[in-house]
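Novice: Submitted below is the structure of interest, expressed as C-alpha cells.
The values are calculated or read from the model by the stated rules, or taken from the named source; none is laboratory data. Remember, it's a predicted structure, so these values are computed and weren't measured experimentally. In this analysis, Cβ positions are derived from the backbone assuming ideal geometry, glycine residues included, and neighbour counts consider all displayed protein chains.
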Amino acid sequence: MLRYWLGFNKIPGIGAKRLRSLIETFGDVEAAWQASPQALAAAGLERRALDNLLRLRRELDLEAELERVRQAGLSVLTWEDPAYPANLRRIEAPPPVLFLRGTLVPQDEWAVAIVGTRRATTYGKECARRLATDLAAAGVTVVSGLARGIDGIAHEATLAVGGRTLAVLGNGLDQIYPPEHRRLAEQIAQQGALLSEQPLGMAPEARNFPARNRIISGLSLGVIVVEGDWSSGAVITARQALEQGREVFAVPGSIFSPMSNGPNRLIQEGATAVLSANDVLEALNLTRAVEQGQARQLLPTEPLEMQLFALLSDEPQHVDELGRAAGLPIGEVTSTLALMELKGLARQVGGMHYVLAREPGPVYRIE
C-alpha cells in the first residue's frame with residue numbers, strides 16, 4: 001500500500017485535502033490510484049490534477065520509487081501509521097506522507113519550535129542558544145528548520161546538552177540544505193530526526209518553505225520567534241502556529257533593530273514575551289517534563305521485567321521463590337533481576353533476596 005502513497009505524493013495538484021477526499025470516495029489509497037478517469041472526475045478531481053495523475057500513473061514505477069526510499073535508508077510515515085506524530089496529525093491538513101531519517105519517540109510530543117532569521121545578531125544567537133539549552137535540559141524536544149542562523153544554533157545547542165531535536169526540511173531528504181549543515185544533519189538524525197514531506201530528488205525551492213513551516217509548527221506545542229523581520233519565514237511560521245491553535249512566543253528586542261521587528265510586533269498582537277525558558281514551560285504546562293520523562297524511563301519495559309516487577313514487594317523474596325511464582329528458570333530470573341538493579345527497579349538485600357526498589361510513579365502524558 002505504501003507505494004501508492006508515494007505515488008500520490010508526486011502528483012502536482014493533489015495535496016492533503018484532495019487526497020483525503022479521494023480516499024473517502026474510493027475507500028483506500030490503492031483504489032483511488034487505480035480509479036478510472038471518469039470516476040476520478042466524478043469524485044471532483046479538477047482537470048489539471050486529473051491530467052497530472054493520469055500522466056504520472058503511466059510514467060511512474062512505484063516499485064522503483066519504494067526501492068529508492070529503502071536504498072536511502074529512510075522511513076516513511078503516512079496518515080495510516082500509528083507512529084505518525086500525534087501533534088502533526090491534529091492540524092487541518094497534515095502531510096499525507098512524511099519521510100524520516102532518525103527516530104521519533106513519545107517524548108517528542110513535548111516539542112517546542114525555535115525559529116528565526118538567517119541573519120541573526122549576536123543577541124539573537126545567544127537568546128536561541130540559551131532557550132534551546134534550557135528547554136532541552138527540561139526534557140523538551142526542540143524543533144527547527146536546519147536553516148542558517150537561529151535554526152542551526154537551536155539544533156546545535158540542543159545536541160550539546162544531549163537533548164532531542166527534530167529538523168524539518170523543505171526538500172528531499174537525499175540532499176541537505178544548506179550544504180554546510182551536513183554534519184549537523186547527521187548528528188540530528190542520531191539524536192532525533194530529519195523530516196520532510198518532499199519526495200526524494202526535490203530541490204530546496206523557495207515555494208516549498210511555507211509548507212515546511214506549517215510542519216515545524218504542527219509538530220510543536222508552541223513556537224518561539226527569536227529574530228526576524230515582519231515578512232520573514234519565522235513570522236509566517238508563527239501565523240501558521242496560531243491557525244493550528246498553537247501557542248506563539250516571541251523574544252523581545254531593541255526597537256532599533258530590524259531583526260527584532262517581527263517578534264516585537266508579534267508581542268504587540270498578543271504573543272507571549274519570552275524572558276527565559278521557564279516562561280515557555282509554564283505557559284505550556286511542561287514544568288514537569290523532566291519528571292515525566294524519568295517516570296517513563298524507569299518503568300519496566302521488557303516482559304520478564306514486568307513479570308518480576310509485579311511479584312516484588314517490600315518483603316524480601318529469594319530468587320527461588322520468585323522463579324517458582326513466575327514459572328521461570330533461575331538463570332533467567334537472576335539475569336533479569338541484575339538488569340533491574342541497574343535500572344533502579346529492584347534491590348538485593350542479601351542472600352539472593354530481592355525487594356522492590358521503589359513504587360512505580362505516575363506516567364503523565366500530554367493530550
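Novice: Quick check on this structure: which one of PRO95, PRO85 is closer than 28 Å to GLU109 by Cα and modelled with pLDDT of 95 or more?
Specialist: Numbers: PRO85 fails: modelled with pLDDT of 95 or more.
Just one listed residue meets the conditions, PRO95.
Novice: Separate question: Would you point out which residue out of ARG265, ARG246 is more than 27 Å from GLU109 (Cα to Cα) and among the charged types (D, E, K, R)? Explain how you work it out, then say what you get.
Specialist: Details: ARG246 fails: more than 27 Å from GLU109 (Cα to Cα).
Within the list ARG265, ARG246, the selection yields ARG265.
Novice: Step by step: first the residues of the range 64-77, then only those that are free of Cβ contacts under 8 Å to residues at least 40 places away in the same chain and either closer than 23 Å to LEU40 by Cβ or under 14 Å from the mean Cα position of the chain (by Cα) (or both), then the one that is surrounded by the most Cβ atoms within 10 Å (Cβ to Cβ). Which residue is that? Break it down into steps so the answer makes sense when it comes.
Specialist: The first filter runs over the range 64-77 and keeps only residues free of Cβ contacts under 8 Å to residues at least 40 places away in the same chain, leaving 64, 67, 70-71, 73, 75, 77.
Filter once more, so that each one left must be either closer than 23 Å to LEU40 by Cβ or under 14 Å from the mean Cα position of the chain (by Cα) (or both): 75, 77.
Working: SER75: 17, LEU77: 22.
The qualifying residue surrounded by the most Cβ atoms within 10 Å (Cβ to Cβ) is LEU77.
Novice: Quick one: in the range 1-17, which of the residues that are under 26 Å from ARG90 (Cβ atoms) and either in contact with a Gly (Cβ under 8 Å, 6 or more places away or on another chain) or not in a helix (DSSP H, G or I) (or both) is modelled with the lowest pLDDT?
Specialist: Out of the qualifying residues, it is MET1.
Novice: Is it the case that the range 34-45 has a residue that's closer than 27 Å to ARG207 by Cα and either of a type in the set (Ser, Thr, Tyr) or part of a helix (DSSP H, G or I) (or both)? Walk me through how you get there before you give the answer.
Specialist: Taking the range 34-45 as the starting set, the residues that turn out to be closer than 27 Å to ARG207 by Cα are 44-45.
Subsequent filtering for residues that are either of a type in the set (Ser, Thr, Tyr) or part of a helix (DSSP H, G or I) (or both) retains none.
No, the range 34-45 contains no residue that is closer than 27 Å to ARG207 by Cα and either of a type in the set (Ser, Thr, Tyr) or part of a helix (DSSP H, G or I) (or both).
Novice: Here are some residues: ARG47, ARG89, ARG70, ARG58. Which one is under 25 Å from ARG214 (Cα atoms) and among the basic types (Lys, Arg)? Step through it out loud before you land on a result.
Specialist: On the way: ARG47 fails: under 25 Å from ARG214 (Cα atoms); ARG70 fails: under 25 Å from ARG214 (Cα atoms); ARG58 fails: under 25 Å from ARG214 (Cα atoms).
Residue meeting the stated conditions: ARG89.
Okay, residues lined up against (1) within 17 Å of the chain's Cα centre (by Cα); (2) over 18 Å from GLY218 (Cα atoms); (3) in the same structural domain as PRO106 (by TED's automatic domain parsing); (4) charged (D, E, K, R):
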{"position": "ARG55", "(1), (2), (3), (4)": "no, yes, no, yes"}
{"position": "LEU62", "(1), (2), (3), (4)": "no, yes, no, no"}
{"position": "TRP79", "(1), (2), (3), (4)": "yes, no, no, no"}
{"position": "TYR84", "(1), (2), (3), (4)": "yes, no, no, no"}
